[in-house]
1. Sort 104, 109, 13 by heavy-atom solvent-accessible area, probe 1.4 angstrom, most to least.
2. Would you pull out the residues with amide H under 5 Å of residue 115's amide H, same chain only if 5 or more places away, H placed 1.01 Å from N?
3. On the accessible surface of the chain, probed at 1.4 Å, how many percent belong to carbon and sulfur atoms?
4. Given all pairs of different Cα atoms, what value in angstroms does the Kirkwood hydrodynamic radius of segment 90-202 take?
5. Under 13 Å from the Cβ of residue 180, count the other residues' Cβ atoms, weight Lys and Arg +1, Asp and Glu -1, and hand me the total.
6. If amide hydrogens are placed 1.01 Å from N in the peptide plane, which non-local residues have theirs closer than 5 Å to the one on residue 30?
7. Probe of 1.4 angstrom, ligands and nucleic acids ignored: what's the accessible area per residue over the chain, in square angstrom?
8. Scan around residue 11 for amide H atoms under 5 Å from its own, H built in the peptide plane at 1.01 Å from N, and keep only partners 5 or more places away or cross-chain.
Amino acid sequence: MAKQKFYVVWEGHTPGVYSSWDDCKRQVDGYNGAKYKSFESKAEAEAALKTNYWKFIQKADPAAKTSAKPAPRSSIIKESVSVDAACSGNPGDMEYRGVWTADHRELFHVGPLPDGTNNIGEFLAIVHALAMLKQQNKPQMPIYSDSKTAQGWVKKGKCNTKLEETSRNKKIFELIQRAENWLAVNKITNPIYKWETEAWGEIPADFGRKQ
């Protein structure tokens, strides 16, 4: 019987430690520049996740490869939610929304709100989608976002913005606090995937107002 291996995903749809190759493969397929490697024990894998990928890649390793190309557009999961944000200026009037990936039907839309940033909007959009899907009892439905920054903030449970709160953007900071509070008490079960804009075109939730 083959000994179980554990897989570290440093860069992928959802970084972490996975106990099967199938689970690992789901996190790296279609992710441009995915970084991952197998380990003999869970403890070793968990320790590796906390350090740098390149420390473990000294030579070509068939168990640690870099994805060369994003997945084709046909691999997009239609039964999913796509989110995006827009901001006219930095800071500026910020808004965000979520749509049904299959037909672009709008599911929620917040804003515009004054003196926000695009990254804040992307973060709030992901959390809004997570809370909505939890309320609808859809704990495994995927969410697409084209912002790696926002995905990182969601994973850490904190909106790591440098924007300062003012009387004008008070509402935005109230939404940030609400989102962080939600992340603190809810376990994320929905996969959050990176939308590959270069390969697939603009995300379905795009506002179509590129600056």
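1. Details: 104 105, 109 85, 13 20 Å².
Heavy-atom accessible area, descending, gives 104, 109, 13.
2. 92, 93, 94
3. On the way: 5740 of 11650 Å².
Its accessible area is 49 percent carbon and sulfur atoms.
4. Working: mean 1/r = 0.0690 Å⁻¹.
After inverting the mean inverse Cα-Cα distance, the result is 14.5 Å.
5. Details: positive: 155, 156, 158, 178; negative: 174.
With Lys, Arg at +1 and Asp, Glu at -1, the neighbours total +3.
6. 71
7. Working: 11650 Å² over 211 residues.
Result: 55 Å² of accessible area for each residue.
8. Those lying under 5 Å, H to H, from residue 11 are 35.
The values are calculated or read from the model by the stated rules, or taken from the named source; none is laboratory data. Since this is a predicted model, take the numbers as computed values, not measurements. Methodologically, a virtual Cβ is constructed for each residue, glycine included, from the backbone with ideal geometry; neighbour enumeration extends over all protein chains shown. Just so you know, the surface numbers come from the protein's heavy atoms only, side chains and all, with ligands and any DNA or RNA stripped out. Shrake-Rupley method; radii C 1.70, N 1.55, O 1.52, S 1.80 Å.
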